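The values are calculated or read from the model by the stated rules, or taken from the named source; none is laboratory data. Computed from a predicted model, the values in this text were never measured in an experiment. Because the Cβ atoms are built from the backbone with ideal geometry, glycine has one as well, and the counts that use them run over all protein chains shown.
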Amino acid sequence: MELVLLERVESLGLMGDIVTVKPGYARNYLLPQKKALRATPENMAVFEARRAELEARNLERKGEAEAVAGKLEGFSVTLIRRAGDTGHLYGSVTVRDIAEAASEVGVEIDRRQLRLPQPIKSLGLHDITVQLHPEVQVPITANVARTLDEAEAQARGEDVLAVDDEDAYRFEGGLSEFFDDDVPEGGAAEGGEAAPEDASEEEPAGES
């Protein structure tokens with residue numbers, strides 16, 4: 001199906017471009033979102049008559065988007081989730097979760113503006129793109145952690161999983177503190193029998 005674009009569409013073309021797309025993509029997205037018109041002679045005449053108006057409107061929307069992008073610069077949203085020792089989540093984080101978490105801290109983001117190739121399934125800092133306008137996008141961060149303390153540590157650049165491994169190592173190496181280390185060398189613990197002396201140190205037997 002041939003369409004004329006009314007605005008820039010990522011990976012497709014710029015305003016005024018005539019493109020060929022699959023009918024389903026046109027009917028389900030481009031046409032209902034008013035991003036394009038069928039490239040008929042009548043519609044092309046309408047587009048050319050309104051081109052200056054459309055370009056002015058696009059510039060206005062782009063300016064508004066750039067203002068919002070400036071406010072979102074460096075924005076990070078924290079999501080607390082359960083996860084295993086390897087950092088794999090029990091579940092996943094979706095664009096809906098990110099939009100809701102942002103809303104809870106007073107930042108309104110339409111989930112349809114969030115570009116996330118696939119749901120987040122691990123702890124850590126994840127880069128998300130917010131598409132505010134066909135020509136304006138801004139990166140934000142999703143900080144996925146098991147606790148607020150872990151989220152703060154991750155924001156400082158610490159690897160919370162590496163910290164867990166180090167704590168486990170220290171625990172395994174410190175088991176001796178649970179035992180009595182006051183036993184004298186070569187002696188016995190209180191109430192036990194003394195260890196025999198080395199046979200090489202015994203006196204030789206007398207002559208018969």
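General remarks:
- Test: residue in segment 69-82 that is more than 30 Å from THR147 (Cβ to Cβ), without any contact (Cβ under 8 Å) to a residue 60 or more places away in the chain and not aliphatic (A, V, I, L, M): yes
- One residue stands out among those in segment 115-133 that are of a type in the set (A, V, I, L, M, F, W, C) and either within 15 Å of the chain's Cα centre (by Cα) or outside the structural domain of ALA101 (by TED's automatic domain parsing) (or both): the one that is nearest to VAL95 (Cα to Cα), which is LEU116.
- Residue list for segment 97-134, restricted to those being more than 19 Å from ALA145 (Cβ to Cβ) and either touching a His at 6+ places or on another chain (Cβ under 6 Å) or of a type in the set (D, E, K, R) (or both): GLU108, ASP110, ARG111, ARG112, ARG115
- Selected residue (criterion: nearest to ILE140 (Cα to Cα)) from residues of segment 81-114 that are among the basic types (Lys, Arg) and surrounded by 14 or more Cβ atoms within 10 Å (Cβ to Cβ): ARG111
- Residue check for VAL136: in contact (Cβ under 8 Å) with a residue 60 or more places away in the chain, outside the structural domain of VAL9 (by TED's automatic domain parsing) and touching a strand residue (DSSP E or B) at 6+ places or on another chain (Cβ under 6 Å): no
- If the condition is being out of contact with any helix residue (DSSP H, G or I) (no Cβ under 9 Å at 6 or more places or on another chain) and either modelled with pLDDT under 95 or part of a helix (DSSP H, G or I) (or both), then segment 106-126 contributes GLY106, PRO117, GLN118.
- Screening ALA26 on (1) among the small types (Gly, Ala, Ser); (2) more than 25 Å from the chain's Cα centre (by Cα); (3) exposed (fewer than 11 other Cβ atoms within 10 Å of the Cβ) shows it passes everything except condition (3).
- Lone qualifier among LYS71, LYS34 - being outside any strand (DSSP E or B) and either of a type in the set (Asp, Glu) or under 20 Å from ARG115 (Cα atoms) (or both): LYS71
- Residues that are within 14 Å of VAL77 (Cβ to Cβ) and in contact with a Pro (Cβ under 8 Å, 6 or more places away or on another chain) within segment 90-119 comprise VAL93, THR94, listed in sequence order.
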